[in-house]
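Q: I have a structure here, written as structure tokens, and I will follow up with some questions on it.
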Amino acid sequence: MKTALEQYDPQIHELIRQEEARESGSIRLIPSENYVSKAVMQASGSCLTNKYAEGYPNKRYYEGQQVTDLIEKTARERAKKLFKADHANVQPYSGSVANLAAYTALINPGDTIMGLSLPHGGHLTHGWKVSVTSRIFNSVQYMVSPDTGRFDYNQIEEAAKKYKPKIIISGATAYPREIDFEAFGQIAQNVGAYHVSDIAHIAGLVVAGIHQSPVPYADIVSTTTHKTLRGPRGGMLLCKAEHADKVDRAVFPGLQGGPHMHTLTAIAVAMAEADTPEFIAYAKQIVKNAKALAEKLLEYGFNLVSGGTDNHLILIDLRNKNVLGKKFAKALDRARIVSNYNTTPLDPAHPANPSGLRIGTPAITTRGMKEPEARQIAGFINKVVENIDNESVIEEVGKEVLLLCSHFPVPEHFIVPNNNNVSSEG
Ligand SMILES: *Cc1c(COP(=O)(O)O)cnc(C)c1O
């Protein structure tokens with residue numbers, strides 16, 4: 001029997017089918033990507049996409065909120081419990097909007113924000129020059145230490161004393177080491193700044209208790225819901241009770257209209273999934289896999305920024321391998337290994353074609369891969385770099401990757417029925 005989508009839009013149906021095949025037949029090493037569960041996917045594809053719910057529970061601007069209020073309250077309570085926060089706002093459309101809401105909740109246009117420089121691992125929305133955050137606010141940056149690739153908290157404090165920012169942003173998008181959020185909180189306190197912490201990448205590690213939580217040390221914590229946390233694409237803000245009203249007003253009506261209720265519903269499901277021993281085991285395995293992958297890459301002579309990893313991601317500095325990030329990432333993609341080229345601190349190359357490659361283990365861990373597979377993947381990566389201009393070897397690696405993938409299925413599909421579905425539905 002044809003699905004509704006297949007019947008009404010065979011073109012898009014076919015493209016979704018192709019994407020499903022691509023996702024299951026390749027190794028996903030982009031550290032910000034993951035695979036959601038079927039339960040999250042179902043909630044995300046539910047009738048809640050039909051409902052406008054501008055406002056907050058018991059304070060909406062449209063009627064018919066009997067169910068949406070209950071869902072949003074549930075999502076908020078689950079988020080508060082999981083992160084041990086006084087208040088949670090689960091409405092931001094994405095991590096970027098969540099960050100903008102956090103800043104506008106606390107300070108005024110023209111005030112100074114200080115975040116991690118993008119080539120050093122910071123996110124665009126931490127005040128990088130092409131982001132609107134650097135036009136609304138006066139933006140200054142701190143760096144990692146050039147010798148170690150890690151934060152030097154004394155240097156960051158010196159920068160804070162010099163620039164006197166109103167907000168210090170902790171958190172990163174490409175930093176392979178544990179972040180001392182308590183130290184950031186202390187620096188912020190010492191210079192009279194607010195501390196906004198952005199844990200978009202590591203939220204899953206934080207709720208599992210294997211990375212320090214910024215919640216006790218930050219005025220507002222911002223996160224995405226779709227990276228290690230493994231929910232639908234969205235954003236979330238957590239804060240102390242004193243900032244709750246400001247945060248809520250900054251999200252709505254400050255920046256957004258109606259929340260994406262289907263996403264918010266799926267966030268509630270993901271929060272329940274994250275509150276389980278299975279999730280803690282998954283988060284621990286992410287780090288074990290990253291360490292195993294990093295160790296093997298070091299054996300193969302790859303240079304890793306900071307020398308290794310404490311979390312889910314690895315930043316390879318490719319300069320000793322005589323290949324730039326983009327060319328390498330594209331060759332890996334042809335070998336069914338999906339990564340992203342990335343700047344490294346002190347990168348001499350242009351940001352559009354940098355010397356680094358960023359990889360991570362959340363998605364392979366969700367598929368059930370463990371240390372032996374992580375080491376095997378390091379071998380694939382090495383084979384590609386050593387045969388960067390040899391298309392037949394790259395194709396061979398692709399076949400080996402496909403074989404590995406076949407042993408570690410992605411969460412059950414929607415459109416392509418698996419074998420069980422085929423037999424049960426006839
Ligand atoms: C991914 C990321 C974001 C942005 O999230 P989007 O949902 O893509 O807008 C913000 N901050 C950090 C640190 C991130 O890694």
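Q: In the range 215-230, what count of residues is obtained for those that are buried (at least 24 other Cβ atoms within 10 Å of the Cβ), more than 16 Å from the chain's Cα centre (by Cα) and of a type outside the set (A, V, I, L, M)?
A: Matching residues across the range 215-230 total 0.
Q: If you don't mind, there's one more thing I want to ask. Using the structure shown, decide if P176 is away from the ligand (no atom under 16 Å from the Cβ) and either surrounded by 22 or more Cβ atoms within 10 Å (Cβ to Cβ) or on the phi > 0 side of the Ramachandran plot (or both).
A: no
Q: Kindly provide the set of residues from the range 83-116 that are assigned to a loop (DSSP other than H, G, I, E, B) and in contact (Cβ under 8 Å) with a residue 40 or more places away in the chain, ordered by number.
A: The answer is K84, A85, D86, V90, Q91, P92, Y93, S94, I107, D111.
Q: Additional query: Name the residues in the range 1-59 that are of a type in the set (G, A, S) and under 28 Å from I364 (Cβ atoms), would you?
A: Hits for the range 1-59 are A21, S24, G25, S26, S32, S37, A39, A43, S44, G45.
Q: Looking for something within 25 Å of the chain's Cα centre (by Cα) and either of a type in the set (A, V, I, L, M) or assigned by TED's automatic domain parsing to the domain that holds I314 (or both) - is there at least one such residue anywhere in the range 53-66?
A: No, because not a single residue in the range 53-66 is within 25 Å of the chain's Cα centre (by Cα) and either of a type in the set (A, V, I, L, M) or assigned by TED's automatic domain parsing to the domain that holds I314 (or both).
Q: Same structure, new question: Given the residues Q141, Q155, which is the only one that is touching a Leu at 6+ places or on another chain (Cβ under 8 Å) and polar (S, T, N, Q)?
A: Q141
Q: Okay, next question. For residues that are in contact (Cβ under 8 Å) with a residue 60 or more places away in the chain and either of a type in the set (F, W, Y) or surrounded by 14 or more Cβ atoms within 10 Å (Cβ to Cβ) (or both), tally how many sit in the range 7-34.
A: Number satisfying all stated conditions: 16.
Q: Also: Would you tally the residues in the range 166-186 being touching a Gly at 6+ places or on another chain (Cβ under 9 Å) and outside any helix (DSSP H, G or I)?
A: Adding up the residues that qualify gives 13.
Q: On the basis of being in contact with a Lys or Arg (Cβ under 7 Å, 6 or more places away or on another chain) and among the aliphatic types (A, V, I, L, M), does A270 make the cut?
A: Yes.
Q: In the set L124, L100, L118, which member is at pLDDT below 95 and within 24 Å of T343 (Cβ to Cβ)?
A: L118
Q: All but one of (1) surrounded by fewer than 24 Cβ atoms within 10 Å (Cβ to Cβ); (2) assigned to a loop (DSSP other than H, G, I, E, B) hold for S139; which doesn't?
A: Result: S139 fails condition (2) only.
Q: Another question, then. From the list V206, V247, pick out the single residue that is of a type in the set (V, I, T) and in contact with a strand residue (DSSP E or B) (Cβ under 7 Å, 6 or more places away or on another chain).
A: V247
Q: Looking only at the range 96-111, filter to residues that are more than 13 Å from the ligand (Cβ to nearest atom) and closer than 14 Å to K246 by Cα; which one of those is farthest from the chain's Cα centre (by Cα)?
A: It comes out as N108.
Q: Can you report the number of residues in the range 112-139 which are over 29 Å from G258 (Cβ atoms), touching a strand residue (DSSP E or B) at 6+ places or on another chain (Cβ under 7 Å) and away from the ligand (no atom under 12 Å from the Cβ)?
A: Looking only at that region, the number is 5.
Q: OK, next. Could you tell me whether A39 is surrounded by 13 or more Cβ atoms within 10 Å (Cβ to Cβ), on the phi < 0 side of the Ramachandran plot, part of a helix (DSSP H, G or I) and in contact with a strand residue (DSSP E or B) (Cβ under 6 Å, 6 or more places away or on another chain)?
A: The answer is no for A39.
The values are calculated or read from the model by the stated rules, or taken from the named source; none is laboratory data. Since we're looking at a predicted model, the values are computed, not measured. Ideal geometry is used to build each Cβ from the backbone, glycine not excepted, and the neighbour counts take in all protein chains shown.
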